[in-house]
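Scroll down for the structure; my scribbles are underneath it.
The values are calculated or read from the model by the stated rules, or taken from the named source; none is laboratory data. In this text, all values refer to a predicted model and were calculated from it rather than measured experimentally. Here Cβ is always computed from backbone atoms with ideal geometry, including for glycine, and neighbour counts include all displayed protein chains. Ligands, DNA and RNA are excluded from the accessible area calculation, which covers all protein heavy atoms including side chains. Shrake-Rupley method; radii C 1.70, N 1.55, O 1.52, S 1.80 Å.
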Amino acid sequence: MKKSFTKASVYCSLLLSLAGAAKAQDTTTTTEFKPHGNLWGYTFGDFDYKGNADNLNRGGSNQYTGMPINANTFQFRRVYLGYNFDISEKFSTEFLLAAEDDFNTGSITEGTAGTSVGDVTAGGKFTPYLKLANLRWKNIFKNSDLVIGQQSTPGFAKTGRNDQTAEEIWGYRCIERTISDIRRTPSFDMGASLQGWFDKKGNYGYMAMVGNGTGGAKPETNTFKSLYGDVYAKFFDKKLIIDLYADYTKLAWGVWDASTTKVGTESPNGPEYGSREMTKLLLAYNTNKLTIGFEGFMNTFLGGLKVTETDKNIYYRTFSATDLSFYVRGRIISAPNGDPRLNYFVRYDNYNPSNGLSTVASNATTTAITTATGVSNYDPFTKESFFTAGIDYMPAKNVHLIPNIWLNTYASSLSYTGSNDAVTPIPYTKYSSEVNNVKGTDAVWRLTFYYIFNAKAGTTKY
């Protein structure tokens, strides 16, 4: 009897223990979700001195275009204030105010205010605008999120599924944009996207998006939509990255009158047909102490050249632009706790926007060439070579002081002495004032400051 009672006591104790463990486990797995958010931001700017200036003011929307030699400024180039909020385990939001490109260009000389071209008020004061505002539906299906609203486009998205985009791997947006961003390929847009992984660890992923194509902060102005796509693969513990990006957008799409015109981009004096499509490849080896990267794109403009010919008619011809970027960045000294203390970076870009231009220029029937709709950031008559290098001193985590040099060199895409194949040749110089034998360089010496507060994911790497 005593032995049976003892066994019964052991069994009861075991059952009570298991019940307690199950209750504790149940409490752990059913912890109530509490909505929470994070206020964050960062700022970068410079003291800059322009040691040399291109006399022809080439460079388009570049910050230093038109700034005369010996000009110097203290200037913010970006101020971010963001708020991320998790509504539930399935839904999160992103909100970002930005003040950037706040500068006066052209006539920055003593006693002269200059003409504003940046995001400033009529009085020349900084103007913040709504850059991001979106809702993320996490795991709408396995390993994929749906994002709706104003958001970063594929290749630029620094939150969500991909934590190693081209901008993050380059690591120094505070020094210069990536090559596609320099040419104003939309880095954010209003639309909808799917972001996902093909595996559980995020070594292989994708992002697909449809958007307005206006750059996000501007309302839609036509019926066209932009299509974006990005796929990536990461190897060797995500140190080796291969990323392929593409986009497509219509720029002008007229309605043809079949009774009077021939359908196609070569029909004389007909409605303009134009589109832009980019393909971009990123290859990088990325570690905490050393990063080696390559990024290259081809951007094709259907009907991007507006050509007048000897029959006095206007024709639209296609050209393409390429850009190749090479960079290295790394650590020189670490702090006692292992954080970076002193870093370096070097980058070189070679930009050629004139593929197809020489064929059009050499045509015996060509009398004049201008650019068509949507080509303002891709001047086909000017090649560019960009170089930057600097030292990044971090007296504290998320605080950067960066002495650096910024150089952009310009040269004509067409020969100054060249001419077309007509019986009476037309010199290339007749096509554009930028067909010349003048090379020029914008050289800017800068002390860049950059700091982050309450850092969120995606802002601590650079």
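Quick look at the values:
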{"read-out": "Flag for residue 348 being open to solvent by less than 50 Å² (accessible area, probe 1.4 Å) and in a strand (DSSP E or B)", "value": "no"}
{"read-out": "Extreme residue, farthest from residue 63 (Cα to Cα), among residues of the range 411-440 that are part of a strand (DSSP E or B) and touching a Phe, Trp or Tyr at 6+ places or on another chain (Cβ under 7 Å)", "value": "419"}
{"read-out": "The lone exception for residue 201 - which of (1) open to solvent by less than 20 Å² (accessible area, probe 1.4 Å); (2) without any contact (Cβ under 8 Å) to a residue 12 or more places away in the chain it fails", "value": "(1)"}
{"read-out": "Qualifying positions in the range 369-398 - under 19 Å from the mean Cα position of the chain (by Cα), part of a strand (DSSP E or B) and surrounded by fewer than 18 Cβ atoms within 10 Å (Cβ to Cβ)", "value": "385, 387"}
{"read-out": "Cβ-Cβ under 9 Å pairs, at least 6 apart or on other chains, the range 64-87 side free of Cβ contacts under 8 Å to residues at least 24 places away in the same chain, far side surrounded by 15 or more Cβ atoms within 10 Å (Cβ to Cβ) and basic (Lys, Arg)", "value": "69/50; 70/50"}
{"read-out": "Which listed residue is modelled with pLDDT of 95 or more, in contact with a strand residue (DSSP E or B) (Cβ under 9 Å, 6 or more places away or on another chain) and farther than 20 Å from residue 242 by Cβ, from 142, 138, 131", "value": "138"}
{"read-out": "Unique match (being open to solvent by 10 Å² or more (accessible area, probe 1.4 Å), of a type in the set (S, T, N, Q), touching a Pro at 6+ places or on another chain (Cβ under 7 Å) and under 21 Å from residue 274 (Cβ atoms)) among 355, 313", "value": "313"}
{"read-out": "Residues (modelled with pLDDT of 60 or more and surrounded by 15 or more Cβ atoms within 10 Å (Cβ to Cβ)) located in the range 104-123", "value": "118, 119, 120"}
{"read-out": "All positions within the range 306-336 that are modelled with pLDDT of 90 or more and assigned to a loop (DSSP other than H, G, I, E, B)", "value": "310, 335, 336"}
